1. Looking for whichever is surrounded by fewer than 23 Cβ atoms within 10 Å (Cβ to Cβ) and under 25 Å from the mean Cα position of the chain (by Cα) here; the options are V173, V263, V250. Which one fits?
2. What pairs come up if the first residue lies in the stretch 222-234 and is farther than 11 Å from A21 by Cβ, the second is surrounded by fewer than 18 Cβ atoms within 10 Å (Cβ to Cβ) and at pLDDT below 95, and their beta carbons are under 6 Å apart, counting only those six or more places apart or on different chains?
3. State all residues of the stretch 302-361 that are in contact with a Gly (Cβ under 7 Å, 6 or more places away or on another chain), of a type in the set (K, R) and surrounded by fewer than 16 Cβ atoms within 10 Å (Cβ to Cβ); if no residue qualifies, say none.
4. Please state which one of T354, T272 is outside any strand (DSSP E or B) and either more than 22 Å from N232 (Cα to Cα) or hydrophobic (A, V, I, L, M, F, W, C) (or both).
5. Among residues belonging to the stretch 216-245 that are part of a strand (DSSP E or B) and open to solvent by 20 Å² or more (accessible area, probe 1.4 Å), point out the one that is farthest from A32 (Cα to Cα).
6. Kindly establish whether A58 is part of a helix (DSSP H, G or I), closer than 25 Å to L221 by Cβ and open to solvent by less than 30 Å² (accessible area, probe 1.4 Å).
7. Considering only residues of the stretch 174-208 that are at pLDDT 95 or above and among the charged types (D, E, K, R), which is farthest from K29 (Cα to Cα)?
Amino acid sequence: MSRPAKIFIDLAAVEANYKCAKTLAPNSKTIAVVKADAYGHGAIEVAKKLAPLVELFAVSCLEEAIAIRQAGIKQSILLLEGCFSVDEISLAAAQNCQVVVHNQQQINELSSAKVCQPLSVWLKVDTGMHRLGVQPSDVSKAHQALKTCANVKNTRLMSHFSSADIINSKEVVKQLEAFSTCVGTIKDDDIQLSMANSAGILAWPNSHKNWNRPGIMLYGLSPFSECQPQANQLQAAMSFESEVIAMRDVSIGESVGYGDTWVACRPSVVATVAVGYGDGYPRNAKSGTPVFVNNQRAPLAGRVSMDMISIDVTDLQNVNIGDKVELWGKNLGANEVAFWADTIGYELVTRMPTRAKRLFI
């Protein structure tokens, strides 16, 4: 016996999406970003699936790197936020990690650290995101400091887009120009570069450098709010499912759920589904949010509670207790559900709690 709310992860879909990223940028190396537990999809399982294809994984922090290293992953791992203390640098070197540096303090700490072997370092430049990165005017100086540091094996240059998910964004053009200018200030003709995230890979081919960094696209979610041809090739990797556990007739004027926010304007049939915000379904999903049952769409009726939702199945055929319900997945995209909950698909898939059992297929 078990609660019917479950999360199914299609690892073959993750692999197909990684291959798609490689196909779109055949002259680049492709990093697999598995931070935040692979965007909620299971970093260890995803890394094991992709290991035969991937030269470099990327995570946010050392704790995430150690978790997949202890699971047997041998490839080097890039720490996207770098190290947070001098002690972490020596451990990162011992764990065969590569590190991002994005400020002078990190460069100083890297120089003073005691490491078992030199590290590969990625110098991050702020080309317009204004979050992390050295200023463009300081790139040459920072690069020279890293080049002469005994703890550094090699240095690569990277930046991050602020709005590559906006088709025809002028900011992307500005950032690419700023990045090119920074590269021109460095006296190293062989320096390797990285700019493209998922949106860059899919829609901005001139952002494809030596290394690309696909994240959300690996899991089948488009970074765009509108239809985009390359993104349409992606396969959803997460399917969030449950079952109908009750059916009832609701008369005109009767309400469903907390707060009486949904009131029947016609004789209605309402199905109760065993899923709620305790399982990861968004609490602020509005009435009308689509769910998928028996190959048909049905709208959410009333507020989401901790353990249950109600859906209006009046217009559907043959809905019964025990029928499967897809909250999002291959038939109903997480991005669409996120729109109804005033959020983004990234948040839906990464914030899933542990009560809904995660199964890998």
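1. It is V173.
2. Final answer for the pair search is none.
3. R351, R355
4. T354 is the lone residue from the list that is outside any strand (DSSP E or B) and either more than 22 Å from N232 (Cα to Cα) or hydrophobic (A, V, I, L, M, F, W, C) (or both).
5. By that ranking, first place goes to I245.
6. When the stated conditions are applied, A58 does not pass them.
7. Per the criteria, the residue is K174.
Per-residue answers, yes or no, for (1) in contact (Cβ under 8 Å) with a residue 24 or more places away in the chain; (2) not small (G, A, S):
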site: Q106; (1), (2): yes, yes
site: A164; (1), (2): yes, no
site: V173; (1), (2): no, yes
site: A178; (1), (2): yes, no
site: I186; (1), (2): yes, yes
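The values are calculated or read from the model by the stated rules, or taken from the named source; none is laboratory data. Worth saying up front: this structure is predicted, and the values here are computed from it rather than measured. Positions of Cβ are generated from backbone atoms using ideal geometry, with glycine treated the same way; all protein chains shown enter the neighbour counts. Please note that ligands, DNA and RNA were not included when accessible areas were found on the heavy atoms of the full protein model with its side chains. Shrake-Rupley method; radii C 1.70, N 1.55, O 1.52, S 1.80 Å.
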